[in-house]
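The values are calculated or read from the model by the stated rules, or taken from the named source; none is laboratory data. Keep in mind that what you see is a predicted model, and the values were worked out from it rather than measured. Every residue, glycine among them, receives a Cβ derived from its backbone with ideal geometry; neighbour counts consider all protein chains shown.
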Amino acid sequence: MTHKPRAEWGNQYQFILTSISYAVGLGNIWRFPALVYEQKGGAFLIPYFICSFVVGFPILYMELSLGQFAKAGPAVCYGRIRPILQGLGWAMVMLSLLVSIYYNMIVAWSLIYIFMVVTGQSWKWSSCENDFNTIYCSSGLEDARCTNEMSSVVGHSVQAFYFNGTCHLSSDISARRAQAGLFAMRGAVSPAEEFFENFILERNPTLDGLGGLNWKLLLAYFIAWTITTLSLSKGVKLIGKLAYFTSTVPYIIIVILFVRSVTLDGAYIGMDFYLFSPDLSTLLNLSTWRAAATHVSYSLSVGFGGILSLASYNVKTHNCYRDAFLVTVADAIMSLFGGTAVFSVLGFMSHQLDLPISEVVQSGTGLAFVAYPEALARMPWSGLWSFLFFVMIWILGVSTQFGYGEVLVTALSDQFPFVARHKFPTAIVGCFTLFCCGLVMCTRSGIYFFNIFNDYSSSFSLEIVLCLEALLLCHIYGYSNYKLDLEEMFGKAKTKLGKVFGPTGIWISIVWKYLAPLLAIVIFIFSLLTQIQTDLTYGKGARLYRLPRWCIGFGWCISVLPLTFLPIFAVYNFYKFKKRNLPIAELFKVQPKWPSANRHREADGVERTSL
């Protein structure tokens with residue numbers, strides 16, 4: 001039976017833009033600014049940019065070149081080099097699937113926020129007058145409203161404050177004492193936080209049970225997975241065309257937000273912390289460089305199989321070395337501009353609330369869905385800025401999700417050739433299965449499971465995968481062999497500069513052979529120790545909730561799950577070779593479907609398997 005020829009990108013720009021869409025994601029907007037704050041400000045940009053271009057770019061190029069040369073995704077690519085290590089590719093696939101389960105929930109949240117804006121309900125996250133608000137709700141905007149209302153009632157200017165659904169004069173001592181006593185016990189909560197916690201999540205205070213389905217989240221999560229499924233209907237042909245939109249619009253929006261944010265009152269507070277007052281002493285801390293290297297590996301999406309899958313649809317001579325550099329630059333630009341926009345808005349918030357920026361900065365979901373919306377609500381034309389921000393979040397999320405979905409479809413198509421003729425039905429079944437796996441996040445206790453997946457799904461296992469990838473390619477298969485493969489695609493370096501910094505240059509060989517595996521091992525050790533020592537919690541201060549111990553066990557199962565594919569496929573191929581009467585030594589040899597297999601064939605006439 002003849003196999004259907006592998007699809008290819010419509011043109012080189014579609015691949016570049018799709019790769020940028022996949023690599024540049026939510027981490028640039030919500031994780032990077034929080035990381036800068038944790039590392040004491042703008043000095044962190046120095047190790048971040050160094051790690052991006054000295055280490056991140058070469059590793060990204062390694063995966064791009066590997067997928068392009070093999071013309072195969074991770075599921076079979078590594079098995080064609082060494083069948084005993086085919087599970088390495090499937091570990092990447094599982095990493096992508098685990099991340100996609102919770103990543104699409106972020107897309108679902110952004111869809112709800114967009115719906116609230118376009119239906120004129122964005123005021124709900126700046127008001128304490130909603131049904132879901134509690135007695136702990138406190139807002140400077142509500143205080144200002146009360147001041148205006150009370151002043152108009154008494155006929156002259158007075159000061160007032162909002163508490164427990166009522167406006168009180170500042171001279172109301174009993175109300176002030178009641179408010180102070182209540183907030184001292186549990187702390188005040190912003191309306192934006194209560195909107196997210198009580199309206200979007202409908203969160204149970206504890207994880208004693210699932211608490212039933214949250215129908216808003218269920219519908220939004222279903223829509224998010226439907227969008228992902230439809231994007232995979234025509235494979236890379238459709239994804240490539242969508243990339244013209246998904247790769248450019250976020251940059252247009254972030255430039256608009258950047259221009260607006262830096263002109264806000266108090267923006268200088270955030271910008272000073274982020275850019276102009278770096279604490280250079282942090283550059284002497286190993287933890288700072290480790291944090292930068294760790295973020296780069298996540299930010300460029302290496303080790304998840306997505307970059308490799310997308311590159312497998314390139315023509316063999318495509319200049320993926322250039323593409324790796326462009327993707328790295330695009331990722332760094334989004335982090336720089338996104339971080340500036342975020343810190344400018346946080347500086348504005350700090351100025352408005354008369355609080356130090358340390359009390360305004362939040363990380364992860366708290367930054368994107370609480371702190372930032374609260375700040376936008378205080379700006380003129382808040383509805384417009386909120387719409388642009390959440391559309392950007394949605395596009396960044398959904399474009400990365402396209403890549404995760406393509407990893408699954410490519411893996412199944414490569415592993416089971418008949419699937420290649422039925423990609424859309426495969427996408428439907430695969431996405432529906434992942435949707436079902438994420439249903440637990442659509443319950444009123446869903447945020448706890450979201451955090452478990454977020455903390456554990458790609459922790460130390462990603463570093464093991466990256467280390468094994470570098471060792472397999474450069475030490476087991478051999479860098480000298482892979483250099484010949486690269487020269488088959490790009491030709492030999494002709495200049496002195498090319499021999500040092502080119503696609504087959506000395507710099508690339510040093511990073512691949514030594515620096516990449518060493519860094520992966522160091523980060524693995526730190527990640528493992530951190531995971532062992534860290535408890536699972538939600539919230540902060542008086543509202544801190546410590547999750548049950550079984551959640552940690554569940555998290556460890558998620559962490560280890562991708563690594564189980566290493567022994568599973570080693571055993572699978574062992575019995576497969578044994579059944580075909582092939583010597584066990586074949587498990588450690590290059591297979592015929594590897595493009596340069598002829599160079600590695602031994603003259604013993606032993607029949608090879610067809611991985």
- Message: Of the conditions (1) within 14 Å of residue 195 (Cβ to Cβ); (2) over 33 Å from the mean Cα position of the chain (by Cα); (3) of a type outside the set (Val, Ile, Thr), residue 128 satisfies every one except a single condition; which number is it?
- Response: (2)
- Message: If a residue must be farther than 25 Å from residue 240 by Cβ and touching a Phe, Trp or Tyr at 6+ places or on another chain (Cβ under 8 Å), how many such residues does the stretch 371-404 contain?
- Response: 11
- Task: Output the number of the condition that residue 141 fails; it satisfies all remaining conditions of (1) farther than 23 Å from residue 349 by Cα; (2) of a type in the set (A, V, I, L, M, F, W, C); (3) in contact with a helix residue (DSSP H, G or I) (Cβ under 8 Å, 6 or more places away or on another chain).
- Result: (1)
- Message: Of everything in the stretch 552-573, what is surrounded by 19 or more Cβ atoms within 10 Å (Cβ to Cβ) and more than 22 Å from residue 304 (Cα to Cα)? Give them in sequence order.
- Response: 573
- Query: So which residues in the stretch 279-314 are among the hydroxyl-bearing types (Ser, Thr, Tyr) and farther than 16 Å from residue 42 by Cα?
  - Reply: 294, 297, 298, 299, 301, 309, 312, 313
- Query: So is residue 250 surrounded by 19 or more Cβ atoms within 10 Å (Cβ to Cβ), touching a Lys or Arg at 6+ places or on another chain (Cβ under 9 Å) and not basic (Lys, Arg) or not?
  - Reply: no
- Query: Taking the stated definitions as given, is residue 286 in contact (Cβ under 8 Å) with a residue 24 or more places away in the chain and of a type in the set (A, V, I, L, M, F, W, C)?
  - Reply: no
- Item | Answer residue from the stretch 412-434, given it is touching a Lys or Arg at 6+ places or on another chain (Cβ under 7 Å) and of a type outside the set (A, V, I, L, M, F, W, C) and is nearest to residue 76 (Cα to Cα) among those | 413
- Note on the structure: By residue number, the members of the stretch 534-584 that are free of Cβ contacts under 8 Å to residues at least 40 places away in the same chain, touching an Asp or Glu at 6+ places or on another chain (Cβ under 8 Å) and of a type in the set (A, V, I, L, M) are 552, 582
- Query: Somewhere in the stretch 420-428, is a residue in contact with a Leu (Cβ under 6 Å, 6 or more places away or on another chain), of a type in the set (A, V, I, L, M) and either in the same structural domain as residue 452 (by TED's automatic domain parsing) or not in a helix (DSSP H, G or I) (or both)?
  - Reply: yes
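Per-residue answers, yes or no, for (1) closer than 30 Å to residue 546 by Cα; (2) touching a helix residue (DSSP H, G or I) at 6+ places or on another chain (Cβ under 9 Å); (3) at pLDDT below 95:
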site	(1), (2), (3)
174	no, no, yes
189	yes, yes, yes
199	yes, yes, no
211	yes, yes, yes
220	yes, yes, no
223	no, yes, no
- Can you tell me which residue among 365, 317 is of a type in the set (S, T, N, Q) and under 30 Å from residue 7 (Cα atoms)? 317
- Task: Return yes when residue 438 is closer than 30 Å to residue 551 by Cα, without any contact (Cβ under 8 Å) to a residue 40 or more places away in the chain, assigned by TED's automatic domain parsing to the domain that holds residue 78 and crowded, with 18+ Cβ neighbours inside 10 Å and no when it is not.
- Result: no
- Task: Name, by its number, the condition in (1) closer than 24 Å to residue 10 by Cβ; (2) in a helix (DSSP H, G or I) that does not hold for residue 282.
- Result: (1)
- Note on the structure: Output for Cβ contacts, cut-off 9 Å, separation at least six or different chains, first residue in a helix (DSSP H, G or I) in the stretch 456-484, second of a type in the set (S, T, N, Q) and surrounded by 23 or more Cβ atoms within 10 Å (Cβ to Cβ), reads 462/297; 463/297; 466/297; 482/65
- Can you list the helices (runs of 4 or more DSSP H) found entirely within the stretch 507-599 that contain at least 3 residues being more than 23 Å from the chain's Cα centre (by Cα) and among the charged types (D, E, K, R)? 565-579
- Note on the structure: So the helices (runs of 4 or more DSSP H) completely within the stretch 158-238 holding 1 or more residues that are surrounded by fewer than 16 Cβ atoms within 10 Å (Cβ to Cβ) are 173-186, 215-231
- Query: Counting only residues that are among the hydroxyl-bearing types (Ser, Thr, Tyr) and in contact with a Leu (Cβ under 9 Å, 6 or more places away or on another chain), how many does the stretch 111-128 have?
  - Reply: 3
- Condition test on residue 344, is it surrounded by 22 or more Cβ atoms within 10 Å (Cβ to Cβ), under 17 Å from residue 37 (Cβ atoms) and either modelled with pLDDT under 90 or of a type in the set (Asp, Glu) (or both)? no
- Of the residues in the stretch 520-539, how many are crowded, with 16+ Cβ neighbours inside 10 Å and among the β-branched types (Val, Ile, Thr)? 2
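Table: residues versus (1) outside the structural domain of residue 396 (by TED's automatic domain parsing); (2) at pLDDT 95 or above; (3) in contact with a Pro (Cβ under 6 Å, 6 or more places away or on another chain).
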| site | (1), (2), (3) |
| --- | --- |
| 16 | no, yes, no |
| 29 | no, no, no |
| 32 | no, no, no |
| 36 | no, no, no |
| 39 | no, no, no |
| 43 | no, no, yes |
| 46 | no, no, no |
| 51 | no, no, no |
| 54 | no, no, no |
- Message: Exactly one condition in (1) in a helix (DSSP H, G or I); (2) polar (S, T, N, Q); (3) surrounded by 19 or more Cβ atoms within 10 Å (Cβ to Cβ) is false for residue 148; which is it?
- Response: (3)
